[in-house]
1. Pick from 111, 31: which is surrounded by 11 or more Cβ atoms within 10 Å (Cβ to Cβ), in a loop (DSSP other than H, G, I, E, B) and either over 13 Å from the mean Cα position of the chain (by Cα) or at pLDDT below 95 (or both)?
2. Can you tell me which residue among 37, 64, 73 is at pLDDT 50 or above, part of a loop (DSSP other than H, G, I, E, B) and either out of contact with any helix residue (DSSP H, G or I) (no Cβ under 6 Å at 6 or more places or on another chain) or within 29 Å of residue 172 (Cα to Cα) (or both)?
3. Give the residues of the range 40-54 that are surrounded by fewer than 15 Cβ atoms within 10 Å (Cβ to Cβ) and part of a strand (DSSP E or B), sorted by residue number.
4. Out of the residues in the range 149-168 meeting the condition of being assigned to a strand (DSSP E or B) and more than 18 Å from the chain's Cα centre (by Cα), tell me which one is nearest to residue 53 (Cα to Cα).
5. So which residues in the range 170-182 are at pLDDT 95 or above and either buried (at least 16 other Cβ atoms within 10 Å of the Cβ) or farther than 15 Å from residue 92 by Cβ (or both), if there are any at all?
6. If the requirement is being touching a strand residue (DSSP E or B) at 6+ places or on another chain (Cβ under 8 Å), without any contact (Cβ under 8 Å) to a residue 40 or more places away in the chain and part of a strand (DSSP E or B), which of these qualifies: 146, 80?
7. Can you tell me which of (1) at pLDDT below 95; (2) in contact with a helix residue (DSSP H, G or I) (Cβ under 9 Å, 6 or more places away or on another chain) is the one residue 119 doesn't meet?
């Protein structure tokens, strides 16, 4: 009886070990809950999902065609692109806005649309890739979405003549979802 019980326990443990080793298929990113403006057109599929962690620089500038008025103007991003396990796979910087994989492949893009990212967060964004340079992870990228944004909005401090040209850096995080033609 002891032998049967030990054998049964061993079988259960073996099955449990195998089950814990089995990997569930990776869930593919769904854009179903996004505003239509930032959805990628049909005929494209997710090629890579990353999390951008970094900072955005703003500069206090005079508003165009508005004498005596000032604003914090977007200067550019500087972020590390991490895969879903937290390993760095690339970087995002600008201007111009450039996404670059660690293998050296990179592209710039043209903004097509934005949608609210919620209070205190930079907007969601859809961009269309321009010419991709180099062979690698970024080869063939057609579109990129910026979603799940946190932080990154212009500074709340005053911007005016006394601090014209001053720069402020704010922290942000966002998911960057890269698509290729299917």
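The values are calculated or read from the model by the stated rules, or taken from the named source; none is laboratory data. Source: prediction; values computed, not measured. With ideal geometry, Cβ positions are generated from the backbone for all residues, glycine too; neighbour counts draw on all protein chains shown.
1. The match here is 31.
2. 64 is the lone residue from the list that is at pLDDT 50 or above, part of a loop (DSSP other than H, G, I, E, B) and either out of contact with any helix residue (DSSP H, G or I) (no Cβ under 6 Å at 6 or more places or on another chain) or within 29 Å of residue 172 (Cα to Cα) (or both).
3. Selection gives 45 alone.
4. Only one residue fits best here, namely 168.
5. Across the range 170-182, the qualifying residues are 170, 172, 173, 174, 175, 176, 177, 178, 179, 180, 181.
6. The unique qualifying residue is 80.
7. All conditions pass for residue 119, except number (2).
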